[in-house]
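Visitor: Sending over a structure as structure tokens; questions will come in a sec.
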Amino acid sequence: MFKTLSTLIAGANARSEDRVRDAFAIELIDQKIREAETSLKAAKATLASLIQRQRSEERQRDALQNRIKDMTKRAEQALDQDREDLAAEAATAIAQMENELTIRAETCARLDQKVVRLRTSIEAGHRRIIDLKQGAIQARAVRREQAIQSKLNTTIGTTSSTEEAEELIARVMGRDDPFEQSGILREIDRDLGHETLADRMADQGCGPATRTTADDVLARLKSKTSQ
């Protein structure tokens, strides 16, 4: 039972964390980019320090090589002058400098490797940050689109609301015209009172017409113009 409850609680916590991450996804992306930029800045500072040390070691190595060359020439001159004592002293100094040169050369080689590796890592990190920033721009565009769509859905409403609105419009448009209905009622009242009977009989040729028609007006106008 306890194991089951622990599993359910862990699942609920995971779902809550997912909801929080979804809600603050853009903020989290920006924060991760800032953290990556901070790490990249620190790596650049480390690279600058390594390059500075590398150049210092190279200068000392080159200076040591020049000292060895100079001391070698002096030792050769001492031998030419049969000054073996000076030549032996110079040889001791040359041996010490060559041992130091070996150490400095190894140090320069190690620094070269470190600089190359760190520079490669920094270049890769820089490219990744650029990709992250492009992804963040796309994520913001998607989030704005989602927000606009959400507002649009809120404005328009759900499908049931839309269908309800369409039904109301259909009901309004399908209602009988009250003016037409009033006219029909008047006609019914006239029929009940036999007010239209004379008109119907006149239309059938029984007796004179009880109302003036357009043909009557046109005939009257023609007779006036012919006089």
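Visitor: Might you let me know whether region 35-55 holds any residue that is closer than 30 Å to ARG143 by Cβ, part of a helix (DSSP H, G or I), among the acidic types (Asp, Glu) and touching a helix residue (DSSP H, G or I) at 6+ places or on another chain (Cβ under 9 Å)?
Guide: At the first step, the residues of region 35-55 found to be closer than 30 Å to ARG143 by Cβ are 35-41.
From what's left, part of a helix (DSSP H, G or I): 35-41.
Of the ones still in play, those that are also among the acidic types (Asp, Glu) are 35, 37.
Filter once more, keeping what is touching a helix residue (DSSP H, G or I) at 6+ places or on another chain (Cβ under 9 Å): 37.
The answer is yes; a qualifying residue exists.
Visitor: Being polar (S, T, N, Q) and under 23 Å from SER56 (Cβ atoms) is the filter here; which residues of region 81-108 pass it?
Guide: Residues satisfying the conditions are GLN96, ASN99, THR102, THR107.
Visitor: Here are some conditions: (1) closer than 30 Å to ALA48 by Cα; (2) of a type outside the set (Val, Ile, Thr); (3) open to solvent by 50 Å² or more (accessible area, probe 1.4 Å); (4) touching a helix residue (DSSP H, G or I) at 6+ places or on another chain (Cβ under 8 Å). LEU111 meets all but one. Which one does it not meet?
Guide: Every listed condition holds for LEU111 apart from (3).
Visitor: Can you say whether ASP131 is loosely packed, with under 15 Cβ neighbours inside 10 Å and on the phi > 0 side of the Ramachandran plot, as far as the supplied structure shows?
Guide: The answer is no for ASP131.
Visitor: Taking region 44-63 on its own, how many of its residues are among the hydrophobic types (A, V, I, L, M, F, W, C) and surrounded by 13 or more Cβ atoms within 10 Å (Cβ to Cβ)? I'd like the intermediate steps shown before the answer.
Guide: Going through region 44-63, the residues among the hydrophobic types (A, V, I, L, M, F, W, C) turn out to be 45, 47-48, 50-51, 63.
Then drop every residue that is not surrounded by 13 or more Cβ atoms within 10 Å (Cβ to Cβ), which leaves 47, 50-51.
Here the count works out to 3.
Visitor: Looking at this structure, is LEU40 closer than 27 Å to ARG127 by Cα, modelled with pLDDT of 55 or more and surrounded by 12 or more Cβ atoms within 10 Å (Cβ to Cβ)?
Guide: yes
The values are calculated or read from the model by the stated rules, or taken from the named source; none is laboratory data. Predicted model only: the values in this text are computed from it and were never measured. All Cβ positions, even for glycine, are placed from backbone atoms using ideal geometry, and neighbour counts span all protein chains on display. With ligands, DNA and RNA removed, areas are computed over all heavy atoms of the protein, side chains included. Shrake-Rupley method; radii C 1.70, N 1.55, O 1.52, S 1.80 Å.
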